[in-house]
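The values are calculated or read from the model by the stated rules, or taken from the named source; none is laboratory data. Since we're looking at a predicted model, the values are computed, not measured. Backbone-built Cβ (ideal geometry, glycine too); neighbour counts: all protein chains shown.
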Amino acid sequence: MSKRKQSTASGGFLGTVERVGNKLPDPAVLFIALLFIVWVLSWLLSYVTFDVVDPRSNEALIVKNLLSGSAFTEFLSVMVTNFSHFHPVGVVLVAMLGIGVAEHTGFINTAIRALLNVTPAKLLTPMVIMVGIVSHAAVDAGYVLVIPLGGVIFYAAGRHPLAGIAAAFAGVSGGFSANFVPSSLDPLLQGLSQAGAQILDPTVVLNPLNNYFFTTASSVLIIGLGWYLTDKVVEPRLLSTEVDGNAEDLPEMHDLQGHERAGLRWALISMVVGLVLLFGTAIPDGSPWRAPDGDLTTGAAPMMRSIVSLIFLLFLVPGIVYGIAAGTMKSSKDMIDGMTHSMHSMAYYLVIMFFISQFVYAFGQSNLGVLLALQGAAFLKALAMPSVVTIVGIILLTAVVNIFVGSASGKWGLLAPIFVPMLMSLGISPDLTQAAYRVGDSSTNIITPLMPYFPLVVVYCQRYVKGTGIGTVTAMMLPYSMWFLLTWTIFLIIYYMIGLPLGIQASYTYP
C-alpha cells in the first residue's frame, strides 16, 4: 500500500469511519447478538407493568418472557418455519432463478453493451447512469459490469475514465432505490416492511410494487442530477488528474459480434411478445388475471399475486431465447447451470435471512416491538412534530446507519420492526416509511468504504490512475452523495405533499 493510501485510511473522518465500521460484527452475527438481547430484555421487562394498551387486543400490553420453558421450546419448534416461511426468502430466490439464466447466457451483458454502443456522445453520461440504474434488476451485475464499462466508454470517447466510473457508480449504487424496472429489491424490502407492520396489525398486506411509481419518478431525478454533477462538477475537477495507467492494460470497448446481435434481437422480440400477451390477456373484463370483482390491482388479483413469478419469466424466457440464438446455450444443462450459479451467489443472503427471520419472530412474540412502537409514537406525539419532519428524520438516520452497515436487507431487517409500527401508530403508512428508508439507504452507499463493492471500485480506478486510493474515490463520489440525499429528500416531501401515488396499492396514511 502506498504512503498516500495509508494516510487516507488512517486519519481524518474517513479513517474514523473505517475503524469504527471494522469493529462492527458481520450482519449475520449482529442479528445473533440482537436475538440474545431480545431474549434477555423480554425476561427483564416481563416483570415490569406498563401503562400501555395493546391496540390489537385493547388490553394492557405485557412483555412475554421468551426465556420461559414454554416460550423457548416453542421457539425451537418453529425455527424451521420461521425461515422457510419468511416472506423475503422465497420471492427473492424465485426472481433470482430467472435473472441467473439471463446472466449466464449473456443476455444481460449484451443488452447493456448494446445500449451503451448506440448512445450519442452528448448523451453518454445520462445513458451510463440509466444503465447503472437498470442493472439493479440483475442485483450485483452493475458492480461487476456497468461500473468498469463506464470507465471504458468514457476513455474511448476521449473523456476522463474516472468520470465514467463515477457516473456508473452513482447510478448503480447511489441510485440503488431509483428504478423503473422491477427488481428483487422490491419484494425484499416489501417483505421486511410487511413483517414489521404485522407486529402491530397482523392483517396488513403490502404489494411488492408499493413504491414503484415513486422509484420510477426518482430514476428521472437521479439521472438528471447525476448528469449535471458528472459533467459540471466531478469531471472538471478530474481534468487535472493524469491518466497514468499502463497503455497496454487499458481496456477497449468492443462492438457486438454477429451472434450477439442475433441473440439480442430474438431475445427482445420474445420479451415484447410476452408483454403483449400479458397485457392483452389482462385487458378483458373477464380476464383470469383479475380479482373476482374485476379489479386488476387489488391484492386478490392473480396479476398482483404473480408479480414475482412474472419477473422470473421476464428474464428466464429472453435469457433462454438469447442463449439459443447466440449459441451460448448448448443444452438444458446451461439453463440449470445459470440458476445454480445465481443460487451460489445468494448463499450469504440466505445465512443473513435465517437469523433475521428468527430475530423478527422473537421481536414480535416478545411484544418489545409493539412496546417500542407505542412508546416511540407517544414520544413523537408529545413533540408534536409534523409528519414531514418525522419522515426527514427517518431518512437522515438511515443515511447515517448506512455508512456503518452496508447490507440493505440487514439494515431494513433491523429497522423495519421499529420504524414501521412506530410510524403506523402516528398514522404514517408502511409504504411511506419504506420510501423514506430507500432514500436514506441509497444516498450514502457511494461514500462508505465499508460497502462490500467499494474496494472493487478503487481497483477499477487504479487501472487508469495508479495512485487512486479510498480517499480519492470518496472525494469523487461525495458531491453525488450529498446532493442525492438533499434533493431526493426534498423530492419525496414534495411528492408526499402533492399526494402523487407511491406505488400499487400504496397509501400515505394508516389505517
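Examine the range 336-358 for a residue that is farther than 28 Å from LEU426 by Cα, surrounded by fewer than 18 Cβ atoms within 10 Å (Cβ to Cβ) and charged (D, E, K, R), and state whether such a residue exists. Scanning the range 336-358, I find at least one residue that is farther than 28 Å from LEU426 by Cα, surrounded by fewer than 18 Cβ atoms within 10 Å (Cβ to Cβ) and charged (D, E, K, R), so the answer is yes. Would you be able to tell me the number of residues in the range 241-255 that are under 33 Å from the mean Cα position of the chain (by Cα), exposed (fewer than 15 other Cβ atoms within 10 Å of the Cβ) and modelled with pLDDT of 70 or more? Looking only at that region, the number is 1. Somewhere in the range 417-429, is a residue in contact with an Asp or Glu (Cβ under 9 Å, 6 or more places away or on another chain) and either within 26 Å of ALA382 (Cα to Cα) or among the basic types (Lys, Arg) (or both)? Scanning the range 417-429, I find at least one residue that is in contact with an Asp or Glu (Cβ under 9 Å, 6 or more places away or on another chain) and either within 26 Å of ALA382 (Cα to Cα) or among the basic types (Lys, Arg) (or both), so the answer is yes. Of the helices (runs of 4 or more DSSP H) lying entirely inside the range 79-134, those containing at least 1 residues that are surrounded by 18 or more Cβ atoms within 10 Å (Cβ to Cβ) and under 21 Å from the mean Cα position of the chain (by Cα) are 87-105, 107-117, 124-134. Figure legend. Inter-residue proximity from the range 214-243: first residues more than 15 Å from MET476 (Cα to Cα), second residues among the basic types (Lys, Arg) and in a helix (DSSP H, G or I), beta-carbon distance below 9 Å, spacing 6+ or different chains. Indicated pairs: PHE214/ARG438; THR215/ARG438; SER218/ARG438.
Give the residue that is surrounded by the fewest Cβ atoms within 10 Å (Cβ to Cβ), with candidates limited to residues of the range 459-478 that are touching a Lys or Arg at 6+ places or on another chain (Cβ under 9 Å) and not in a loop (DSSP other than H, G, I, E, B). So the residue we want is ALA475.
A residue that is surrounded by fewer than 22 Cβ atoms within 10 Å (Cβ to Cβ) and over 30 Å from ASP431 (Cβ atoms) cannot be found anywhere in the range 213-228. Annotation note: Cβ proximity below 8 Å between a residue of the range 142-160 that is on the phi > 0 side of the Ramachandran plot and a residue that is in a helix (DSSP H, G or I) and buried (at least 24 other Cβ atoms within 10 Å of the Cβ) (sequence gap 6+ or interchain) occurs for no pair.
Selection of the range 473-499 for residues being touching a residue at least 24 places away in the same chain (Cβ under 8 Å) and over 22 Å from the mean Cα position of the chain (by Cα) yields MET476, MET497. With the structure loaded, tell me whether SER57 is surrounded by fewer than 21 Cβ atoms within 10 Å (Cβ to Cβ), without any contact (Cβ under 8 Å) to a residue 40 or more places away in the chain and not in a helix (DSSP H, G or I) or whether it fails that test. The answer is yes for SER57. Once the range 61-73 is narrowed to residues that are in a helix (DSSP H, G or I) and without any contact (Cβ under 8 Å) to a residue 40 or more places away in the chain, the residue that is surrounded by the most Cβ atoms within 10 Å (Cβ to Cβ) is PHE72. Of all the residues in the range 263-289, those that are in a loop (DSSP other than H, G, I, E, B) and touching a Ser or Thr at 6+ places or on another chain (Cβ under 9 Å) number 3.
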